[in-house]
Amino acid sequence: MPYKCKLKVILADKDIRHGEFADKVGIDKSTFSSIVNNKSLPKFETLYEIVEELRRIDPNLRLGDIWVKED
């Protein structure tokens, strides 16, 4: 995977449960689990919803804080 997902760390720091967050962004919990565990990248629409929801919680978060490009 060319990008490493930091959602697990971000959600843990903010005491947000994965299932609760998946519901908020409107995706299946198993799909969200695959994204969080770096098994898949989200579709653009899902990516957008994830970033928007996280920015409601922390307006300073950016896409580059959530997915980091690996060398």
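What follows is calculated from the coordinates using simple rules that are stated; it is not laboratory data. All figures in this text were calculated on a predicted structure; none of them were measured in a lab. Here the Cβ positions follow ideal geometry from the backbone for every residue, glycine too, while neighbour counts run over all protein chains shown.
Excluding same-chain neighbours fewer than eight residues apart, the lysines reachable from Lys4 by a Cα-Cα span under 17 Å are Lys39, Lys43, Lys69.
With charges set only on the Cβ (+1 for Lys and Arg, -1 for Asp and Glu), what does the dipole of the chain come to about its Cα centre, in debye to the nearest 20?
Values: 13 positive and 13 negative charges, 27 e Å.
Dipole magnitude for the chain comes out near 120 debye.
Each Lys or Arg adds one and each Asp or Glu subtracts one; over the other residues with Cβ under 15 Å from the Cβ of Tyr3, this totals +4. Here is what passes the span test in the chain: the DSSP H helices with alpha carbon length of 18 Å or more along the helix axis and a Kyte-Doolittle mean of -1.0 or above are 44-57. Mean residue ellipticity, 222 nm, helices only, the chain: the sum of -39500 (n - 2.57) across DSSP H runs of n ≥ 4, divided by residue count and rounded to 500, is -15500 deg cm²/dmol.
At a 10 Å Cβ-Cβ cut-off, how would you order Asp28, Asp15, fewest neighbours first?
Working: Asp28 10, Asp15 6.
Ranking Asp28, Asp15 by Cβ neighbours within 10 Å, fewest first, gives Asp15, Asp28.
Relative contact order of the chain, please, whole-number percent, based on alpha carbon pairs below 8 angstrom and at least 6 residues apart.
Details: 58 pairs, mean separation 34.9, N = 71.
It comes to 49 percent, rounded to a whole number.
Counted without the sites themselves, the longest stretch of the chain free of trypsin sites (Lys or Arg not before Pro) in a DSSP loop having at most 13 other beta carbon atoms within 10 Å is 18-38.
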